[in-house]
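Data first, discussion second: the structure below is written as structure tokens.
Values in this text are rule-based calculations from the coordinates and carry no lab data. Everything numeric here is computed off the predicted structure, so don't read it as measured data. All Cβ positions, glycine included, derive from the backbone under ideal geometry; neighbour counts span all protein chains shown.
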Amino acid sequence: MSERHTGVTPSPDNLGPLLNSIDLMYETGWTDGLPVVPPTRELVKQFTDVLAPRDPGESIAVIPPLGGDATIERVAVNAVMAGCLPEYMPVIVTAIKAMVDDRFNLRGVQCSTGIHTPLVIVNGPIVKKLNINSGYNCFGQGWRANATIGRAVKLVLVNLGGAFPGETNKSTFGHPGSYTYCMAEAEDANPWEPYHVELGYAADDSTVTV
């Protein structure tokens with residue numbers, strides 16, 4: 001780490017608490033194996049404030065198989081850890097709500113021996129607002145929104161739903177999308193109607209499909 005990249009001169013005094021927090025969350029099993037952003041109260045509040053005046057304690061969903069209560073605040077904690085920006089919260093919350101619809105069969109996805117993992121597809125004006133990649137390398141690196149929205153969703157499924165590898169999650173080989181799996185439709189480049197319009201939504205509606 002260098003001063004050129006961080007803007008400060010690194011020292012054990014300012015790195016120690018951060019590294020200890022990251023290690024603690026790894027040891028307690030709250031991560032996907034990659035480092036996470038420590039969810040301080042101040043950061044979490046920034047995320048819950050995006051959905052104000054909704055109560056941070058409001059339940060969004062009950063996540064199988066262990067039945068964890070996904071409140072707005074708990075979803076925000078996982079979004080912070082994933083590296084999201086606060087404005088991503090509406091997409092994450094909508095994706096979580098969609099996944100507990102019986103038609104999605106989240107319990108089957110969480111406990112399967114197959115390589116299932118949820119894909120989040122975003123449509124509408126919010127795609128440009130949040131700069132979600134819908135073009136080259138849309139499943140690859142380089143786009144914060146794609147990388148962290150998908151990761152936040154997966155952290156919720158693991159930390160609140162208990163889909164721990166080798167325990168409730170019995171996937172034999174796994175899937176790289178289990179780290180993050182989020183993209184947008186390239187609506188302007190397509191000759192056909194956007195997917196959410198085909199489903200009956202207005203073109204200027206912002207939607208999330210899983």
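Work through the residues other than ASN131 whose Cβ is under 13 Å from its Cβ and net out their charges, Lys, Arg +1 and Asp, Glu -1. Could the numbers behind the result be given before it?
On the way: positive: LYS128, LYS129, ARG144; negative: GLU87.
So the surrounding residues net to +2.
Between THR71 and ILE60, the built amide H atoms are under 5 Å apart, and every one of these is 5 or more places off in sequence or on another chain.
Counting each DSSP H run of 4 or more residues in the chain as -39500 (n - 2.57), what helix-only mean residue ellipticity at 222 nm follows after dividing by all residues, to the nearest 500 deg cm²/dmol? Please report the intermediate quantities before stating the final value.
Values: 9 runs with 82 residues, N = 210.
Taking each H run of at least 4 residues, the total per residue is -11000 deg cm²/dmol.
For the chain, the longest principal axis of the C-alpha atoms and the axis of helix 12-27 are separated by about 50°.
Rounded to the nearest 10 degrees, the angle from helix 89-99 to the longest Cα principal axis of the chain is 60 degrees.
Mean projected area of the convex hull spanned by the Cα atoms of the stretch 11-84, taken over all viewing directions: 5.7 nm². With Cα atoms defining each centre, the stretch 34-62 and the stretch 163-206 are spaced 23 Å apart in the structure. A cut-off under 13 angstrom between Cβ atoms defines the neighbours of ILE72, and their net charge, with Lys, Arg +1 and Asp, Glu -1, is -1. Taking ASN131, ASN20, ASN190 in turn, the Gaussian network model of the chain (Cα-Cα springs below 10 Å) assigns the largest fluctuation to ASN190. Name all residues of the stretch 98-138 having a backbone nitrogen under 15 Å from the label point set 7 Å from the Cα of GLU58 along its Cα→Cβ direction, giving them as ranges. Within reach of a label on GLU58, which here means backbone N under 15 Å from a point 7 Å along Cα→Cβ, the stretch 98-138 contributes 98.
Suppose R0 equals 22 Å. What FRET efficiency, 1/(1 + (r/R0)^6) with r the Cβ-Cβ distance, do LEU66 and GLN46 give to the nearest 0.05? Can you show the working numbers first?
On the way: r = 28 Å, r/R0 = 1.27.
Using R0 = 22 Å, I get an efficiency of 0.20.
Taken one residue at a time, the phi angles of the stretch 131-144 give Karplus couplings (6.51, -1.76, 1.60, θ = phi - 60°) of 6, 8, 6, 10, x, 3, 6, 5, 9, x, 7, x, 10, 4 Hz. Gly and Pro are set to x. Here the Karplus relation 6.51 cos²θ - 1.76 cosθ + 1.60, evaluated at θ = phi - 60°, turns the backbone of the stretch 68-85 into coupling constants of x, 7, 8, 7, 4, 5, 5, 5, 4, 4, 5, 5, 4, 4, 6, x, 5, 8 Hz, with x for every Gly and Pro.
Close amide H contacts of LYS170 (hydrogens built in the peptide plane, cut-off under 5 Å, sequence separation of 5 or more or a different chain): SER112. For the chain, the convex hull drawn through the C-alpha positions has a volume of 148 cubic angstrom per residue.
When LEU43, LEU155 are sorted by how many other C-beta atoms sit within 10 angstrom of their C-beta, beginning with the fewest, the order is LEU43, LEU155. Given their separation in residues at 0.36 nm each and the Cα-Cα distance between them, ASP188 and TYR136 gain 17.3 nm when the chain is fully extended.
Partner lysines whose Cα lies under 22 Å from the Cα of LYS154, excluding those fewer than 8 positions away in the same chain, are identified as LYS45, LYS97, LYS170.
Along the stretch 44-54 the Karplus relation, 6.51 cos²θ - 1.76 cosθ + 1.60 evaluated at θ = phi - 60°, assigns HN-Hα couplings of 4, 5, 4, 6, 5, 5, 4, 9, 4, x, 5 Hz to successive residues, with x for each Gly and Pro. Scanning residues 5 or more positions from THR207 or on other chains, those with amide H under 5 Å from its amide H are ASN123, GLY124, with H placed 1.01 Å from N in the peptide plane.
Taking the Cβ of PRO176 as the centre, find all other residues whose Cβ is under 14 Å away and add up their charges (Lys, Arg: +1; Asp, Glu: -1). Around PRO176, the surrounding residues sum to +1.
Sort VAL210, VAL158 so the one with the fewest other Cβ atoms within 10 Å of its own Cβ comes first.
On the way: VAL210 19, VAL158 23.
Ordered from fewest to most neighbouring Cβ atoms within 10 Å, VAL210, VAL158 come out as VAL210, VAL158.
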